[in-house]
Amino acid sequence: MRNLLDITDLTPQEINSLLSIAMDIIKSPEKYNTVCKGKKLATLFYEPSTRTRLSFSAAMMELGGNVLGFSDANASSVSKGETVADTVRVISCLADIIAMRHNKDGAPWVASQFASVPVINAGDGSHCHPTQTLADLLTVKRRKGGFDNLTVGFCGDLKYGRTVHSFTRALGRYKGIKFVFISPEELKIPNYLRQDIENKGFSYLETDSLDKHIASLDILYMTRIQKERFDDEEQYNRLKDSFILDVKKMNNGKSDMIVLHPLPRVNEIVQEVDFDPRACYFEQVLNGKYIRMALIYSLLQWRDGSNLQPVDYEVVEGGTCNNSKCISSTEQVKPLFKLMPSGKKSCFYCDELV
Amino acid sequence: MRNLLDITDLTPQEINSLLSIAMDIIKSPEKYNTVCKGKKLATLFYEPSTRTRLSFSAAMMELGGNVLGFSDANASSVSKGETVADTVRVISCLADIIAMRHNKDGAPWVASQFASVPVINAGDGSHCHPTQTLADLLTVKRRKGGFDNLTVGFCGDLKYGRTVHSFTRALGRYKGIKFVFISPEELKIPNYLRQDIENKGFSYLETDSLDKHIASLDILYMTRIQKERFDDEEQYNRLKDSFILDVKKMNNGKSDMIVLHPLPRVNEIVQEVDFDPRACYFEQVLNGKYIRMALIYSLLQWRDGSNLQPVDYEVVEGGTCNNSKCISSTEQVKPLFKLMPSGKKSCFYCDELV
Amino acid sequence: MRNLLDITDLTPQEINSLLSIAMDIIKSPEKYNTVCKGKKLATLFYEPSTRTRLSFSAAMMELGGNVLGFSDANASSVSKGETVADTVRVISCLADIIAMRHNKDGAPWVASQFASVPVINAGDGSHCHPTQTLADLLTVKRRKGGFDNLTVGFCGDLKYGRTVHSFTRALGRYKGIKFVFISPEELKIPNYLRQDIENKGFSYLETDSLDKHIASLDILYMTRIQKERFDDEEQYNRLKDSFILDVKKMNNGKSDMIVLHPLPRVNEIVQEVDFDPRACYFEQVLNGKYIRMALIYSLLQWRDGSNLQPVDYEVVEGGTCNNSKCISSTEQVKPLFKLMPSGKKSCFYCDELV
């Protein structure tokens, strides 16, 4: 059985296969509209996310399947103190596949240890959001034809934005990618990601000026400054208006640059930019539905197969994760760590370096 | 593409067509139980409404379609600051038709400007609620055979009750209607509606006595005094018990009078009246489901057609709407106004007179 | 038309029939996957319960039917002051069968008086939870082959735990059952249940020691100490860790003892016990889905039949129920009482003795 917890759970070949299936769905939707007849998707959303939840729902429905679940932890047994482990064991009796959104880093890893059906990570804390990344990749594939030798700018909240982390990791598997990280000092990319990029020998630069660098970009990935990630409202208000994309800045971009955004946006892209043909963020939503169709279909197909993803780390016990947002701080699970060939150790659930 | 935002978006001929389709559905439901197979309805409910949401859901299911959506703004991306405009652009990628309930006046008008699928207004603030009106019309049609020359009494909260406004406008298109508005001074019909009725030359009277006028009525439309419309609980408590319909008052009504109520009721109709055959409010619920089936079916049929409703006003820019409950006060939209042949100007979104 | 409000609404023969249908569904699910095509289940959940709601949903979907409803009273018309009576009359127009969870004792009895479709009690206050009992019975049937001559221990919160009350009543209809009630003094079984057991002449004992009695049990039914039933948090904290089932205690149990739990559990069964083959609580979830399929299917079949359950009491008027948690304290319903042949009187809605 296979899960999708992090984008790197999929080999580049498997990602290509998913992209091909998505393209085939776009071309011939009628071939797929009953392939999940009699199957049920459970959407377990411990924090609200209309877009992602409804995208999964629409995807399953267009495959002919059914959807059940919850959209809010307060209307669930969670309020009675149930663990993620028990919840997914229960849901495994009621559904054929699970899509989980959780506020704690690593929760879907816990789920995958106890579920007897495939688990899809639909976003965990500020950690991973692999299906958004698949949507991003499908959008790039359809607009750019491929992934090699692209210069990719990320702008906004690069510290907490999980879509940034996920997309960066996914692109890190192709050739000749150049990264440009554009953010205020307070919201720079986290250390583990910087080290990961350095280890792989990719070219990257960090800057606080979108104006200076927009002309070099093939892809501009804008992100929201997320209010819910700040403890301090004043700091939020000071930063939220930085790094706004407007028509003037767009004029300095290449004619075939594409603008991505995981949505929802607040005001980091002004509405006028929506009418620029380089703006792809609503296309991403549509592509997100198609790639989720391909993913659900494939995971159910792969369910009884044995094509497990070979990993380059060893799973070891011992110690405690120091990340207070890690699911291991609240859920009664064995503390596990990934031991890399380099000798580095990181939390199995949330990837925090020890 | 057609939307249903206000009841007057439909010509009297189109309303007749919807009523006929609904009657045919009642007669031969099996003809319609797969006509929306593979289609999806999105129910976007920014404020709770069990009845309306479940009626839309049941309607779509009886047409063979699927339903997705949210029932509460808190469990949606709205809590992250997303605009109505962006939400409907996203939902247009995921569903084939939208039913929207919103707490702000005019929100479905904003939605219709950005959606690429048909939008149905399922109630906006205290402004319009056209599908309730269609349910009311179907109930009158089935009970009375037609609409001309009826004396129609409205009782209760006529100031904030959007169902009253919508039904009054709809009836204002038939011949020989007499209106009797029965309410406390504080809850009389709004000015724009009074002017509208006067302009059309209809006979109407305003009174605070149900007892005096019930004998003249063909239709008695009761409404709830809505707690959530009051800032002041004391005023609510003082008014809520006025204008209660009981068996004694019913005894003075005509034998073929019908009693309508949009539900939910609190105590404005005593339970004993439910057993009077003239009480039609639960029939209205059933009729509401059938007319919503007819509406969804028709809007999806009309989607690629060009039968746009000719309007008698010009849309002009300039100025700001003064209604603090208008969606234009919170959503970043162009201020637009309807300029009538008479020279009157009203807000495009919420109908507030300038 | 038939409802399932309390487990004793079903004769032992009917329970056997439901168990047989469930076993047939397990054996040949494909025979049943379209039997409810075109039917709709309404899940009216006035308080949250993920497990029960999703189990009903999955059951209806596996029968080929559709599901609509609400999972939280706040997102429903209840917040506008609508009665249960009116809500179910409305829902009767929109769905073919109702599953209701309510925080007040007796609410489904009110619903059954006003609904025109079958009503299933999905848990009312601390009163009844008959479909959990059916799941328990199916689990015992599949593991033990039958019900006679079993020694059944209940451990934990026996005062408020409605699953305990329901399962005790159901077992009280078989032969040679011995009951062992294991609880702290504060959480002993309620009087009416004790009297009921005594009247039927069953053997029972009450104790506060699980250790002393586990060796005698064929079935150990563990329950959660429910935080939401306590006014006083300190008392909750003092009691919640009593009566925890761990591996050491399990070692004293019979090799063919089975452990049941209605879930969610907090910490009353330690995780290590999950891997003991005698632990059946996740099997109960699966069995819960199958028995709910059998129930929905049967109630829709029985809908037009006349096989009403003969009762041994007379329904009489007069007086007021003294249970402040009874639905009759908030809903405008006629106070009704069951008059037993013994002369005892209890509330028709919540069973509280007068």
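Straight Cα distances below 27 angstrom link residue B:200 to the lysines B:141, B:144, B:159, B:175, B:178, B:188, B:212, B:338, B:344, B:345, with same-chain residues fewer than 8 positions distant left out. Taking C:176, C:253, C:145 in turn, the Gaussian network model of chain C (Cα-Cα springs below 10 Å) assigns the largest fluctuation to C:145.
Taking a ≥ b ≥ c as the square roots of the Cα gyration tensor eigenvalues, with a/c under 1.5 meaning rounded and otherwise prolate when a/b beats b/c, else oblate, which class fits region C:133-229? Judged from the Cα gyration tensor, region C:133-229 comes out rounded (a/c under 1.5). Report the label-to-label distance for residue B:200 and residue C:334 in nanometres (one decimal), using points 7 Å from each Cα along the Cα→Cβ vector. Label at residue B:200, label at residue C:334, 4.4 nm between them. For chain C, modelled as a GNM whose springs connect Cα atoms under 10 angstrom apart, the maximal fluctuation among C:281, C:290, C:192 occurs at C:192. For residue C:191, inter-copy separations between label points set 7 Å beyond Cα along the Cβ vector come to 6.6, 6.6 nm, shortest first. Most tightly packed first, judged by the mean number of other beta-carbon atoms within 10 Å of their residues, the peptides B:321-329, B:20-28, A:314-322 read B:321-329, B:20-28, A:314-322.
Left without a cysteine partner by the 4.7 Å Cβ rule in chain C: C:36, C:93, C:128, C:155, C:280. Solvent-accessible surface, computed for protein heavy atoms with a probe of 1.4 Å, shrinks by 50 Å² or more for the following residues of region A:25-60 when the other protein chains are added to the isolated chain: A:40, A:48, A:50, A:51, A:54. When only Cα pairs below 8 angstrom with a gap of at least 6 residues are kept, region A:132-282 shows a relative contact order of 24 percent. Other residues with beta-carbon under 10 Å from the beta-carbon of residue A:316 carry, at +1 per Lys or Arg and -1 per Asp or Glu, a net charge of 0. Scanning chain B for long hydrophobic helices, with DSSP H runs required to stretch 27 angstrom or more by C-alpha along their axis and to average at least -1.0 on the Kyte-Doolittle scale, returns B:281-302.
Looking at the protein assembly as shown, the accessible area is 37 square angstrom per residue; that uses a 1.4 Å probe and ignores ligands, DNA and RNA. Shape verdict for region A:16-175, please, from the Cα gyration tensor: rounded (a/c under 1.5), prolate (a/b greater than b/c) or oblate. Oblate.
One quarter of the convex hull surface built on the alpha carbon atoms of region C:119-176 amounts to 4.3 nm², the projected area averaged over directions. Comparing Cα centroids, region A:84-151 and region B:30-103 end up 25 angstrom apart. The helix-only estimate of mean residue ellipticity at 222 nm for the protein assembly as shown, built from DSSP H runs of length n ≥ 4 each weighted as -39500 (n - 2.57), is -10000 deg cm²/dmol after division by the residue total. For chain A, the share of DSSP beta bridges that are antiparallel, to the nearest 5, is 20%. Taking every C-alpha pair closer than 8 Å and separated by at least 6 residues, the mean separation divided by the residue count of chain B gives a relative contact order of 19 percent.
Shape class of the protein assembly as shown from the alpha-carbon gyration tensor: oblate, with a/c at 1.5 or above and b/c at least as large as a/b. Remark: accessible area buried at the B-A interface is about 2200 Å², both chains counted, probe radius 1.4 Å. Placing pseudo-labels 7 Å out from each Cα toward the beta carbon at residue B:316 and residue C:20 gives an inter-label distance of 7.9 nm.
Dipole magnitude for region C:14-171: about 280 debye, using +1 per Lys or Arg Cβ and -1 per Asp or Glu Cβ, origin at the Cα centre.
Between copies, the label points at residue B:30 (set 7 angstrom from Cα along Cα-to-Cβ) are spaced 2.6, 2.6 nm, reported in nanometres from shortest to longest. Here the accessible area of chain C is 46 percent carbon and sulfur, with a 1.4 angstrom probe and all protein chains present.
Explain nothing, just the number: dipole magnitude of the protein assembly as shown about its Cα centre with +1 on each Lys and Arg Cβ and -1 on each Asp and Glu Cβ, in debye rounded to the nearest 20.
Numbers: 132 positive and 132 negative charges, 515 e Å.
For the protein assembly as shown, the charge dipole is close to 2480 debye.
Of B:133, B:151, B:330, the residue with the greatest mean-square motion in the GNM of chain B, using alpha carbon springs below 10 Å, is B:330.
In nanometers and ordered shortest first, the copy-to-copy spacing of the residue C:17 label point, defined 7 Å from Cα toward Cβ, is 4.9, 4.9. How much net charge surrounds residue A:326 when only the other residues with a Cβ under 11 Å from the Cβ of residue A:326 are counted, with Lys and Arg +1 and Asp and Glu -1? After counting each charged neighbour, the total is -3.
The values are calculated or read from the model by the stated rules, or taken from the named source; none is laboratory data. Everything quoted here is computed from the prediction, not taken from an experiment. Ideal geometry is used to build each Cβ from the backbone, glycine not excepted, and the neighbour counts take in all protein chains shown. Please note that ligands, DNA and RNA were not included when accessible areas were found on the heavy atoms of the full protein model with its side chains. Shrake-Rupley method; radii C 1.70, N 1.55, O 1.52, S 1.80 Å.
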